[in-house]
Every structure is written in structure tokens, then in C-alpha cells.
Amino acid sequence: MQSLNLRQIEVFRAVMITGSINGAAQLLYVSQPAVSRMLSHTEARIGFQLFERVKGRLYPSPEARCLFTDVESVWRDIQRVNTTLHNLVQQRHGVLRIASSPSLGHQLVPNAIAAFRRCNETIPVSLECLRHVLLRDRLLEQQADFGISLFPIDHPNLRAIPLSYIRVLVVCPVDHPLTRVAASELPDALAEMPFIGYASDTPFHGFMQQTFERVGLPYRPSIEVDSPHHACALVKSGSGFSVVDEISYRASGAEGMAVLPILNEERLTISLVHLRREPLAQFAQVFVDQLRSTLEESGFHLFNLD
């Protein structure tokens, strides 16, 4: 049975994605003759040509195209091994790896990191802002020590601990006619105005649909975005009204936006999420304590962790 070793796979892949011996050599930081020799040796070993050579260019054979599909799959697995190795090295060196919802990662979590580092300057910190599903997957793949999420993450292998709740705000441009409408008349007035909503693959989309139904508003966005941060930017530009979380509102700078007296009872919960079977490391718990202090200093209600 013919087989390829990892070096042969690496050279074959490099030639496939660059289309030339020279390109593969540059990608692999080796000489062109070294790539040519390895490619010739590989073809001799497997008993058929992988590339046709026409006027100095390489054209992959049908067999090469078929093989490349599996090679890419193997390559992704190798990259996953290297990522795991990198994460293990980081853990041994005490790197604190945080995954955060984007809304919390613009200002709240960075503020907590800055305060944490002032007292723990020898501990490196890695912050990654991720959409909901990706945040969950990072935790399940043990590529983050814990997550700070603005929406519930329901998985049997994950534990979510509520830290605080924040308000949901309906915002419009500061000089918009909506600011002069009585609270009782706002639902009817909003129904006639351009609305900045959220893409269907974001947790804000489902939240807003349910919220609008409760107050009798149609959910028909004129513009769709993927985060409240972008929604705030569009509100400031005069593109319409939107619904955002209080932290994104603060992080975007309240100037240029007005808060309308509607949905006053709506809340979102900030949660600490980590693997159920893995207790937090000591320095991770120190950061969580600092995050709670940052939330409290910012005027947010804290839940009791007991």
C-alpha cells in the first residue's frame, strides 16, 4: 500500500495552493530544487504523476485534485494539533485566555483586564471577542479558560454563572422627532420609523423579535448589523432607531444618541461560562473578582455568587 509522510503532504499541498515550484519553495522557506526533488520522489513512490508540466507551469491531474481534498482535511487536523499545543504551552506559562461577547469586549472586559494587570503584571492575558456560537465552541474545545457572555449558553458540559444584569435601551439620534413623542404613543411612532435590526444568526435577532412582539411592534429592519456597536454607529449617523445593550451604548459614547422611554423592564444577564468539569484556575478567579469590581464601579447590579 502506497503512503505519504507529512513532509510529502506538506510539499504537495504547497504546490497545489501556489501553483508552482517557486511559490511552494517560498511558502516552505526551502530551495526550488528541494521542492522539485521531493515532488519527483513522491510521484515515483505512488506510481503516477500528480502534475502536468506545460511551458514551465504545473497543472494538477484529476488524481491530484481528488487527493487534495483529503490533504486539506489532514492539514486542518494538524493545525488543530498545533493550536492545542500552543494552548497547552500558554497554560504552562500562566496565560489567562478570555473569550468575550463583542458587546462586553469593547470596553467592560478591557477595563477589567487593565485593572487586573496593574496587580498581576507578570500574567499575560489573551482576549478574543467572539459571536455566540464561536464563544461556546472555544470553551468546549478548551481554547479559552472561560467566557464572559451576554446571552445564555445552554450546553451540558458548560456551567454559566450569572454575574450581573444590564438594561436594554431603545436609542435614536439625539435630535430625532421621536424624542418629543409621549411614552404611550411611542410604539405607534416607532412602527413608522426606519429600524436598525440584527442579522438572523445573532442572538440579538431572536431577543428583539420576542421583545417587539410583546409591545406590538413589527420586526422589519431597514438595516441589519451583527453587533450593537455597529447599531450605535448607525443611530448616530441618523440612519434610524435601534435596540442596544447598556454597555454597548456607553462604549460607543452616548453623545449623539437619545434613550427613549420604552422597554424599560427588559434586561440581559452577563454570565461567566466555563467547562463544568474544570474549576477555574486561581488567577482566573482573581480576574473574575476584578470583573465583578469593575461592574460594580460602573453602577451595575451584582448577583450573589454563593
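The values are calculated or read from the model by the stated rules, or taken from the named source; none is laboratory data. For clarity, every value in this text was computed on a predicted model and none was experimentally measured. Ideal geometry is used to build each Cβ from the backbone, glycine not excepted, and the neighbour counts take in all protein chains shown. Note: accessible area is taken over every heavy atom of the protein model, side chains too, but ligands, DNA and RNA are not part of it. Shrake-Rupley method; radii C 1.70, N 1.55, O 1.52, S 1.80 Å.
What the table below lists for this structure:
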{"quantity": "Wholly within the range 126-220, helices (runs of 4 or more DSSP H) carrying at least 1 residues that are β-branched (V, I, T)", "calculated": "132-140, 203-215"}
{"quantity": "Which numbered condition P173 fails, given (1) touching a helix residue (DSSP H, G or I) at 6+ places or on another chain (Cβ under 9 Å); (2) within 23 Å of R267 (Cβ to Cβ)", "calculated": "(2)"}
{"quantity": "Failed criterion for R57 (all others in (1) open to solvent by 80 Å² or more (accessible area, probe 1.4 Å); (2) under 38 Å from the mean Cα position of the chain (by Cα) hold)", "calculated": "(2)"}
{"quantity": "Residue identified as touching an Asp or Glu at 6+ places or on another chain (Cβ under 9 Å), modelled with pLDDT of 90 or more and surrounded by fewer than 20 Cβ atoms within 10 Å (Cβ to Cβ) among A160, A114", "calculated": "A160"}
{"quantity": "Subset of the range 55-106 [assigned to a strand (DSSP E or B) and at pLDDT below 80]", "calculated": "R57"}
{"quantity": "Filter result (within 15 Å of L108 (Cβ to Cβ), part of a strand (DSSP E or B) and either free of Cβ contacts under 8 Å to residues at least 60 places away in the same chain or open to solvent by 30 Å² or more (accessible area, probe 1.4 Å) (or both)) within the range 223-272", "calculated": "T269"}
{"quantity": "Selection count where residues are among the aliphatic types (A, V, I, L, M), closer than 18 Å to G105 by Cβ and open to solvent by 40 Å² or more (accessible area, probe 1.4 Å), scope the range 119-146", "calculated": "4"}
{"quantity": "Conditions (1) open to solvent by less than 40 Å² (accessible area, probe 1.4 Å); (2) more than 28 Å from P173 (Cα to Cα); number of the one not met by Q282", "calculated": "(1)"}
{"quantity": "Hey, S149 of a type in the set (S, T, Y), buried (at least 18 other Cβ atoms within 10 Å of the Cβ) and touching a residue at least 60 places away in the same chain (Cβ under 8 Å) or not", "calculated": "yes"}
{"quantity": "Qualifying residues in the range 115-125 (those that are of a type outside the set (S, T, N, Q) and in a loop (DSSP other than H, G, I, E, B)) - the one farthest from the chain's Cα centre (by Cα)", "calculated": "E121"}
{"quantity": "Failed item, numbered, when G299 is tested on (1) in contact with a Gly (Cβ under 6 Å, 6 or more places away or on another chain); (2) part of a loop (DSSP other than H, G, I, E, B)", "calculated": "(1)"}
{"quantity": "The range 289-306 residues that are without any contact (Cβ under 8 Å) to a residue 40 or more places away in the chain, paired with ones that are surrounded by 12 or more Cβ atoms within 10 Å (Cβ to Cβ) (beta carbon under 8 Å, 6 or more apart)", "calculated": "E296/L302"}
